[in-house]
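Report on one structure; see the data block that follows.
The values are calculated or read from the model by the stated rules, or taken from the named source; none is laboratory data. In this text the structure is predicted, and so the values were computed from the model without any measurement. For neighbour counting, all protein chains shown are included, and Cβ atoms are generated from backbone atoms with ideal geometry for every residue, glycine included. Only protein heavy atoms, including side chains, enter the accessible area calculation; ligands, DNA and RNA are left aside. Shrake-Rupley method; radii C 1.70, N 1.55, O 1.52, S 1.80 Å.
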Amino acid sequence: MITDRPRDVYVVDAVRTPFGKYGGALSGARPDDLAAHVLKALVDRAPGLDPATIDDVWFGNANGAGEENRDVARMAVLLAGLPVSVPGVTVNRLCGSGMEAVIQAARAVALGDASVAVAGGVESMSRAPWVLPKPDRAFPAGPGTLHSTTLGWRLTNPAMPGEWTVALGEGAELIADRDRISRDRQDAFALASHEKAARARKDGAFAAEIVPYGDVAEDEGIRADTSLAALGRLRPAFRTGGEAVRGATGPSAGAGTVTAGNSSPLSDGAAALLLMDERGLGASGCTPLARIRSSAVTGIEPQYFGLGPVEAATRALEKAGRGFDALHTVELNEAFAAQALGCLARWPELDPALVNPRGGAIALGHPLGASGARLVGAVAHQLAAAGAGTGLATLCIGVGQGLAMVLER
């Protein structure tokens, strides 16, 4: 029953698969199997939880055109062996789908529509299918065109302005141009992501969140052996007509600075969180990691999508009655080094040392539908490890949106 006063919503646990490279260790795993894996692991880690008491399962997914069978959340429930009475719904906010699933699940718990909920996300970019548009008439005589569903625009509406429909990497280049973010700064940011992730892996910092998938137990994209020299040898991936001018003054006009090395890779993986209210905690005997305080979503010009977190994070903190100076940890998705640096430049009150302490998507990977759930789960685990504090999870979204969530312990 819907309550007059919103209920407190707790993150009880958060798990994820290791994130695999495109065509890599998890490319043989169907997305519905990846989703079922984290769902089952989450339930197994809460022995006091009766699975039949899960009111609903929300999963984010940016594709939906292939083995996800449109509603991968319901597929995961069935494949995980949960009672058939447990429903499942799939949501799509592109790169923000996993966090959107957490927001919708938390909203249901806060309003009293649910007491126990699961939220997460999944993407297999390796297995994203090619699609063939349906012909205008039966038995067409001419050739057809296949379109990849892996990433980015396809079957674009001609009414969309051309400046809105640029490739995601070109959007990062536009931010680098506007903010004069040099290739050297982007490469240095990427190197730091790998170094922090490699150190966290060595220290066992991911042990609380990663549930191995078969014999895959670690994130595949972390490169402990990379260097500025190695990153510097990579050619621009989106603007290939000129070389970047290096140095503190920024790139030359029109030269490419965004490379495969300072961008997040195409990835495969899944993540899931268990959410409860006080009644759910009491019935299951579970101890929460953190409490959800607020969330916010905003829009921005599509070509500058990478700056979407700027306003979203600001609004989420305002709703929580907090400022950037109150934060203890921040998980900012690193779609591209240029966009992450662009966001950080617009948060002068934020200590950059607090951001992505265990590395970010450039090293860990960015399976679109799963990343938002990973970010929220990472913040929850970090707050639990610290024993107290306030954390922020935020990410940019293709086609110009930003999403953010504030947690506390």
Within region 351-361, tally of residues that are touching a residue at least 40 places away in the same chain (Cβ under 8 Å), in a helix (DSSP H, G or I) and open to solvent by 10 Å² or more (accessible area, probe 1.4 Å): 0
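Please find, within region 133-164, the residue that is least open to solvent (accessible area, probe 1.4 Å) out of those that are assigned to a loop (DSSP other than H, G, I, E, B), polar (S, T, N, Q) and farther than 21 Å from Tyr304 by Cα.
Thr149
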Of all residues making up region 165-203, the number that are of a type in the set (Gly, Ala, Ser) and either open to solvent by 40 Å² or more (accessible area, probe 1.4 Å) or farther than 20 Å from Phe19 by Cα (or both): 7
Members of region 35-59 that are closer than 12 Å to Leu275 by Cα, of a type in the set (A, V, I, L, M, F, W, C) and in contact with a Pro (Cβ under 9 Å, 6 or more places away or on another chain): Val43, Ile54, Val57
Sole exception among (1) open to solvent by 30 Å² or more (accessible area, probe 1.4 Å); (2) more than 19 Å from the chain's Cα centre (by Cα) for Asn92, by number: (2)
Qualifying residue in region 291-302 (condition: buried (at least 22 other Cβ atoms within 10 Å of the Cβ) and not in a strand (DSSP E or B)): no
Members of region 1-31 found to be in contact with a Leu (Cβ under 6 Å, 6 or more places away or on another chain) and either in a helix (DSSP H, G or I) or open to solvent by 60 Å² or more (accessible area, probe 1.4 Å) (or both), listed by number: Ile2, Tyr22
From Ser126, Ser97, residue being in a helix (DSSP H, G or I), hydroxyl-bearing (Ser, Thr, Tyr) and at pLDDT 95 or above: Ser97
Residue within region 331-346 that is among the aromatic types (Phe, Trp, Tyr) and crowded, with 24+ Cβ neighbours inside 10 Å present: yes
Scan of region 32-54 for residues that are in a loop (DSSP other than H, G, I, E, B) and either surrounded by fewer than 23 Cβ atoms within 10 Å (Cβ to Cβ) or not aliphatic (A, V, I, L, M) (or both), ordered by number: Arg45, Ala46, Pro47, Gly48, Leu49, Asp50
